[in-house]
Amino acid sequence: MVTRFAVVARPSGSDTAGIPQSRRPTPSSNTPSPLPTFPESRRSNGRGSGAGQEHPENSPPADVLRAAAQRAKTAVDAYRHALPEGNLPDSFQLDGGLTVGQVADVLSVVMGFASLCEAAARMLKRTETTLASLRRTTLLEMTTELLPTVSTACIDAIIERLTYASGRSCRVSPLAKLEDTIIVCPPLITPRVIDAIILRSSAYDPGRYGPVGQRQGNRAVKWKDWLGQIPGVLVADRIRARRQDRQTAGDLDVVAVDPGQRRGLCLEIKWPIDAISLPEVTKIEDWVSSAATQVNRLRTELTSGSAVVEMPKGWPAFPEITWTWAVATPQQLCLRPLPFDEIYATSFRYMASHGKPRSLNDVIDTLTSPDLPVDGVDFKIDTIDFLLGRQKVVLDAIGLSQKGWEPRRWNS
């Protein structure tokens, strides 16, 4: 029997994949402090305590767990603040009175505990602690002690959101519940996608996510601010298009114009939660294709004259500009062909990785002719086969080159 999986094989040390070199956390500024010494008695007592067995006397000392949580928080903050598209501020309001900062703090405690589980497995050369377990009440009490500024009710609600259940993803809710026991699986817990975990755990209930999603969408102003830094470029957002009967035909989300070159860029902005699984990637691509349909309809009405836009005062008239149309997301590059000619897709993270644009031409030319990794040079599609008992496991793998890859910078 052959079992088939897919995996991306990254070169050693590339946990910051997707973040430009210039914005990646540097060891000098983000190195966590060393952990306190783990008592030898605790090391030896750890043997034999596997999943489903809780031994309070073998739990990590408070100072070790506190240091591990702080190390995790340092890693979380470093990744979040290195993202070109920006990160959610700690004060960002979620539903139920929770904030992003509170959820990040609780996640840091869970990550710190998971890192100790992995350390114990390596140190003792045993695998039990890779699926360590503890009673839910113990996890709640432990977290409350480490986070005295976060209420017990908030911590309880966050643990519930991080616990897997039917209809949830283990990438977003990495804690498994067995009766009154919580099982921690360290490989599912990573600092690289904290904002996505926080938002998706709120999005389980569409009714409570609505206001959160609206505030998330407001982050699209990042595009306007970025384009506004280009010398000689005029930028505006939410320009209304109206039909002859004064009915609204739609909005131009972000518009940038170089009046000297008579070139313009119209962006339809979508700001979904970052994808952390293949179904979520596909969903964002569907969303981008749908947005391209919306862009094409508005473009057709404007070019035919059935709808008009009133440009800001001092700008060239709309028909005087040669326009480029695109759908823009925060992170994901959508390589699925769009259903319309000369409508492009891009992401803020990709554009920002080219450096600072010298002109609007840089942005438009990159949109129409993107610089992408080359198969056989920057990556290789391959399979990894191995036997597991009587089964043959085949991993469809993407191997990344050791030298890494970044887009060509505009100032080079």
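The values are calculated or read from the model by the stated rules, or taken from the named source; none is laboratory data. Since the model is a prediction, treat every value here as computed from it, not as a measurement. Please note: Cβ atoms are built from the backbone with ideal geometry, for glycine as well, and neighbour counts cover all protein chains shown. Note: accessible area is taken over every heavy atom of the protein model, side chains too, but ligands, DNA and RNA are not part of it. Shrake-Rupley method; radii C 1.70, N 1.55, O 1.52, S 1.80 Å.
Report the charge-dipole magnitude of region 306-412 in Debye, nearest 20, computed about the Cα centre from +1 at each Lys and Arg Cβ and -1 at each Asp and Glu Cβ.
Numbers: 11 positive and 13 negative charges, 88 e Å.
The dipole magnitude comes to about 420 debye.
Excluding GLN332 itself, what net charge comes from residues whose Cβ is under 13 Å from its Cβ, given Lys and Arg +1 and Asp and Glu -1? Present the calculation step by step, with values, prior to reporting the outcome.
Details: positive: LYS270, LYS283, ARG336, ARG349; negative: GLU85, ASP274, GLU280, GLU285, ASP286.
After counting each charged neighbour, the total is -1.
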Review point. Protein chains only, probe 1.4 Å: how do TYR79, TYR164 rank by accessible area, largest first?
Key: TYR164, TYR79
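Between ASP225 and ASP375, 0.36 nm times their residue separation minus their Cα-Cα distance comes to what?
Values: separation 150, 0.36 × 150 = 54.00 nm, distance 3.42 nm.
Extra length available between ASP225 and ASP375 comes to 50.6 nm.
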Practice item. Label region 145-185 by shape, choosing from rounded, prolate and oblate, from the square roots a ≥ b ≥ c of the eigenvalues of the Cα gyration tensor; if a/c is under 1.5 it is rounded, and otherwise prolate applies when a/b is larger than b/c, oblate when it is not. Key: prolate
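At 1.4 Å probe radius, can you tell me the per residue accessible area of region 159-199 in Å²?
On a per-residue basis, region 159-199 sits at 41 Å².
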Check your understanding: Over the heavy atoms of HIS81, what accessible area does a 1.4 Å probe trace out, to the nearest 10 Å²?
Key -> 110
Exercise for review: Kindly report, to the nearest 10 Å², the accessible surface of VAL255 as traced by a 1.4 Å probe over protein heavy atoms only.
Suggested key: 0
Practice item. Treat every Asp and Glu Cβ in region 275-358 as -1 and every Lys and Arg Cβ as +1, leave all other atoms uncharged, and give the resulting dipole magnitude about the Cα centre to the nearest 20 debye. Key: 320
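Looking at region 273-309, which GluC sites (Glu not before Pro) are DSSP coil and have at most 11 other C-beta atoms within 10 Å of their C-beta?
Working: sites: GLU280, GLU285, GLU301; in loops: none.
In loop regions of region 273-309 (DSSP not H, G, I, E or B), there are no sparsely surrounded GluC sites (Glu not before Pro).
If packing is taken as the average count of other Cβ atoms within 10 Å, what order do 144-155, 326-337, 107-118 fall into, highest mean first?
Details: 144-155: 15.2, 326-337: 19.1, 107-118: 23.0.
Per-residue Cβ counts within 10 Å, averaged per peptide and sorted highest first, yield 107-118, 326-337, 144-155.
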**Study point:** Rel. contact order, % - alpha carbon contacts under 8 angstrom, at least six apart, region 53-152
**Key:** 30
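Considering only protein heavy atoms, with the full assembly of protein chains and a 1.4 angstrom probe, order THR99, THR300, THR138, THR127 by accessible area, largest first. Write out the running numbers ahead of the final one.
Values: THR99 25, THR300 75, THR138 45, THR127 105 Å².
Putting THR99, THR300, THR138, THR127 in descending order of accessible area: THR127, THR300, THR138, THR99.
With a probe of 1.4 Å, find how much accessible area region 57-123 has per residue, and write the answer as a whole number in Å². Show your work: numbers first, answer last.
Values: 2320 Å² over 67 residues.
Per-residue value: 35 Å².
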Revision key, fill the gap. With every protein chain kept in place and a 1.4 Å probe, region 276-409 has an accessible area per residue in Å² of 55
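Where does the charge balance sit around TRP323 when Lys and Arg score +1, Asp and Glu -1, over other residues with C-beta under 12 Å from its C-beta? Let's see the in-between values first.
Numbers: positive: ARG262, ARG263, ARG299; negative: ASP258, GLU320, GLU342.
Summing Lys and Arg as +1 and Asp and Glu as -1 gives 0.
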Review point. Of all accessible surface on region 338-412 at a 1.4 Å probe, what whole percent is carbon and sulfur?
Key: 53
Study note, to complete from the structure: So the FRET efficiency between ARG358 and ALA236, C-beta based with R0 = 25 Å and rounded to 0.05, is 0.75
Exercise for review: Given the peptides 357-367, 377-387, arrange them by the average over their residues of other C-beta atoms within 10 Å, most packed first.
Suggested key: 357-367, 377-387
Check your understanding: In what order, largest first, do VAL106, VAL281 sit by accessible area if the probe radius is 1.4 Å?
Key -> VAL281, VAL106
Exercise for review: Find how much the distance from VAL308 to THR149 grows on full extension, using 0.36 nm per residue of separation minus their present alpha carbon separation; answer in nm with one decimal.
Suggested key: 51.9 nm
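Classify region 277-352 as rounded, prolate or oblate, taking a ≥ b ≥ c as the square roots of the eigenvalues of its Cα gyration tensor: rounded when a/c is under 1.5, otherwise prolate if a/b is larger than b/c and oblate if not. Spell out each step's value before the answer.
Working: a/c = 2.93, a/b = 1.87, b/c = 1.57.
Prolate shape, in that a/c is at least 1.5 and a/b is the bigger ratio.
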Point to revise | Apportionment of accessible area to carbon and sulfur, region 137-193, percent (1.4 Å) | key: 57
